[in-house]
Amino acid sequence: MSLMVWDNTLALGVQAMDGEHKELLALMNKIHDGFLAGAVVNDTVARLGAACARHFADEEAFMQSIAYPELNVHKLLHKQLLEKYAHHAGAIKAGGGKANEAFFSFLKLWLVSHIKGIDAKYAAHSRGAGR
Ligand SMILES: [Fe+2]
Ligand SMILES: [Fe+2]
């Protein structure tokens, strides 16, 4: 069972970033599938962490390219998310590689509130900039 299914309410209309968000979602679902099957998910958790770090860097470069005025605040939020992610990943490792509900709640909240609330703002700016 998927943790979350992609739908258009998550789409920003910035193709490259939507593509990366979809990849992150696919990895989240893979971890969730592993969790349901009782599997050790350390490797996938590490992959998702690396994919998030790459995505944030790509997103920050995109925001820079459109002269997004709230870039620094957004960067700080990314940094905090990566710190929280590392904390969860550490707890999963310490727990023998089994994921937990707190981790999935964090992922879901990140998806919904960060993509829809925070990422959506640079997408609106990018539309305003005529790109
Ligand atoms: Fe973001
Ligand atoms: Fe994003």
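Read-outs: derived from the displayed coordinates by stated rules, not from any lab. The structure presented is a predicted model; accordingly, all values stated were derived computationally and were not measured. Because the Cβ atoms are built from the backbone with ideal geometry, glycine has one as well, and the counts that use them run over all protein chains shown.
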Relative contact order (%) - the chain, alpha-carbon pairs under 8 angstrom, separation at least six: 34
Charge dipole (the chain, unit charges on Cβ, about Cα centre) - positive-most of Ser65, Ala26, Val41: Val41
Furthest towards positive pole of dipole, Ala124, Leu81, Cys52, structure part the chain, Cβ charges: Leu81
Where Rh is the Kirkwood radius over Cα pairs, Rg/Rh for the chain: 0.99
Check: the chain dipole with +1 on Lys, Arg Cβ and -1 on Asp, Glu Cβ, in debye: 140
Angle in degrees between helix 15-36 and the longest Cα principal axis of the chain, rounded to the nearest 10: 10
Alpha-carbon centroids, region 81-125 and region 21-65: separation in whole Å: 9
